[in-house]
């Protein structure tokens, strides 16, 4: 589980709100989606297509593909590579992406 | 398609330095980078980090600012947030930014795709709560995000020690640092120390980190010989054994950060079909390069850690050399010109000095076989959930190489395209079949190198019309 470091000089920073499975979460502008979700206490971002086991972001730099999520209705998005924006809608990805999405 | 003179992939120290050098000689390079801001992983978020106290991340991090400022000065066509899903030997580049696909053609290409952390397959490494030290450092630098409860750091290498010190400076509690470097490695590295002394500055910084750790009083366990991550749906505890003891020790924690060095990210050079040599000192594949860092493929060069691990300062120097090489090959400058020759000599001399510390560090922190060849029950291919035992079984059935292993087990065929298991699978096969890594080989990689939908691809062909 992660949290945010309490920092003295960051009060001027802009906050954005994202919608995680219908729930409002706040994030710092400039966060990657994966960082914002981890900071909000998310433990798993998807389940695997093979065994259905839960997975979480692992490398945070775009090489492990563990943080695949459904972003704005588009599946298989690497959450560590996408910056958050206000109103961004995100869901966990369960198993393999489906063909109709 | 009008060709661009120079396209550089990656905006870390090597890519930025290459672009700045080329721009100095009248070239307007295109720099394509996946991250939203420049700096690569080492200088990640250097323009925007919320960690403003310069002591926390350290002066080496803030050194990246000058490269980033030069990259932004307007003479370079910098394209952030853009992934490359194809690069052909004819230097045609397919890129994707958001939903928009574009095809570029380049007369000269410099690959500066950097390093990634070496896979660290231990039992339980796929559990949520287990991440890499590098990923935790990215969270710290880019968002000020830190582990909530006392964290366990495990493995070896400079980055692990650096992260521990950065956490201590930031006031992040560390439950334990478990080091997998064995006693014997200090002795093995010793013959390389005299050469390493040529780069005294780097050695001194390293010793400073070790000293800072010691003075902090953080629990530092050495000679760890076995390591497990345990939990049901996420990490609950870490257990370990030390050399010479059969006793298992345990710590309850929800965060384990693993690290055992970095290796070149060779995804691009592999997809191009470049020849790679196995470097037995760095235990990694290096693309074959000439004196100007050019691969087997005409006008495609590799600079920085993606050609072999040399660190940030040396990567910037290789970037300068590659930029100079590009300007010569493109005819912007003449290498018989005395000023160009003296610039080349100067860069090569600095590079030689900077990298003199490498053999010492490589040997000191070289992960032992047990950390690279996991026990049978351990998952090696995270995407397809293939275990080490399955790879050994198919080797016993006669499977010689990793490409055949794909058809037997699907290892390396998931979304990461073998990035996380390629080294491990080849090393297990090489060990099981008692054949060299060169004979064993590596996965054949094909585009798309990054996820792209059919819809996006279709738009690319529309754009061409």
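The values are calculated or read from the model by the stated rules, or taken from the named source; none is laboratory data. Values in this document were obtained by computation on a predicted structure and should not be read as measured data. FYI the Cβ positions are ideal-geometry reconstructions off the backbone, even for glycines, and counts take in every protein chain you see.
Summary of values
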{"read-out": "Subset of region B:440-456 [surrounded by fewer than 18 Cβ atoms within 10 Å (Cβ to Cβ) and touching a residue at least 24 places away in the same chain (Cβ under 8 Å)]", "value": "B:444, B:446, B:447, B:448, B:456"}
{"read-out": "Of all residues in region B:387-402 being assigned to a loop (DSSP other than H, G, I, E, B) and touching a helix residue (DSSP H, G or I) at 6+ places or on another chain (Cβ under 7 Å), the one that is farthest from the other protein chains (Cβ to nearest Cβ)", "value": "B:400"}
{"read-out": "The lone exception for residue A:17 - which of (1) farther than 30 Å from residue B:122 by Cα; (2) within 7 Å of another protein chain (Cβ to nearest Cβ); (3) surrounded by fewer than 18 Cβ atoms within 10 Å (Cβ to Cβ) it fails", "value": "(2)"}
{"read-out": "Answer from B:153, B:163 - the residue that is under 21 Å from residue B:369 (Cα atoms) and more than 11 Å from every other protein chain (Cβ to nearest Cβ)", "value": "B:153"}
{"read-out": "Sole residue being under 30 Å from residue B:412 (Cα atoms) and touching a helix residue (DSSP H, G or I) at 6+ places or on another chain (Cβ under 9 Å), chosen from A:95, A:62, A:52, A:30", "value": "A:62"}
{"read-out": "Boolean, residue B:384 is within 14 Å of chain A (Cβ to nearest Cβ) and in a helix (DSSP H, G or I)", "value": "no"}
{"read-out": "Scope region B:31-62; condition touching a residue at least 24 places away in the same chain (Cβ under 8 Å), surrounded by fewer than 21 Cβ atoms within 10 Å (Cβ to Cβ) and away from every other protein chain (no Cβ under 11 Å); matching residues", "value": "B:55, B:58, B:60"}
{"read-out": "Per-region count, region A:20-53, residues in contact (Cβ under 8 Å) with a residue 40 or more places away in the chain, surrounded by 19 or more Cβ atoms within 10 Å (Cβ to Cβ), at the interface with chain B (Cβ under 8 Å from one of its Cβ atoms) and not in a strand (DSSP E or B)", "value": "5"}
{"read-out": "Residue list for region A:67-80, filter: facing chain B (nearest Cβ under 7 Å) and either in a loop (DSSP other than H, G, I, E, B) or modelled with pLDDT of 95 or more (or both)", "value": "A:68"}
{"read-out": "Meets criteria (assigned to a helix (DSSP H, G or I), touching a helix residue (DSSP H, G or I) at 6+ places or on another chain (Cβ under 8 Å) and surrounded by fewer than 18 Cβ atoms within 10 Å (Cβ to Cβ)) for residue B:353", "value": "yes"}
{"read-out": "Residue within region B:143-156 that is free of Cβ contacts under 8 Å to residues at least 12 places away in the same chain and within 24 Å of residue A:63 (Cβ to Cβ) present", "value": "yes"}
{"read-out": "Spans of strands (runs of 3 or more DSSP E) in region B:119-171 with at least 3 residues within 23 Å of residue A:40 (Cβ to Cβ)", "value": "B:130-132, B:145-147"}
{"read-out": "Residue identified as in a loop (DSSP other than H, G, I, E, B) and either closer than 25 Å to residue B:103 by Cβ or out of contact with any helix residue (DSSP H, G or I) (no Cβ under 7 Å at 6 or more places or on another chain) (or both) among B:1, B:16", "value": "B:1"}
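Residues are listed down the side, and each one gets a yes or a no for (1) over 21 Å from the mean Cα position of the chain (by Cα); (2) more than 24 Å from residue B:351 (Cα to Cα):
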| position | (1), (2) |
| --- | --- |
| B:247 | yes, yes |
| B:253 | yes, yes |
| B:261 | no, no |
| B:270 | no, yes |
| B:273 | no, yes |
| B:278 | no, no |
| B:282 | no, no |
| B:292 | yes, no |
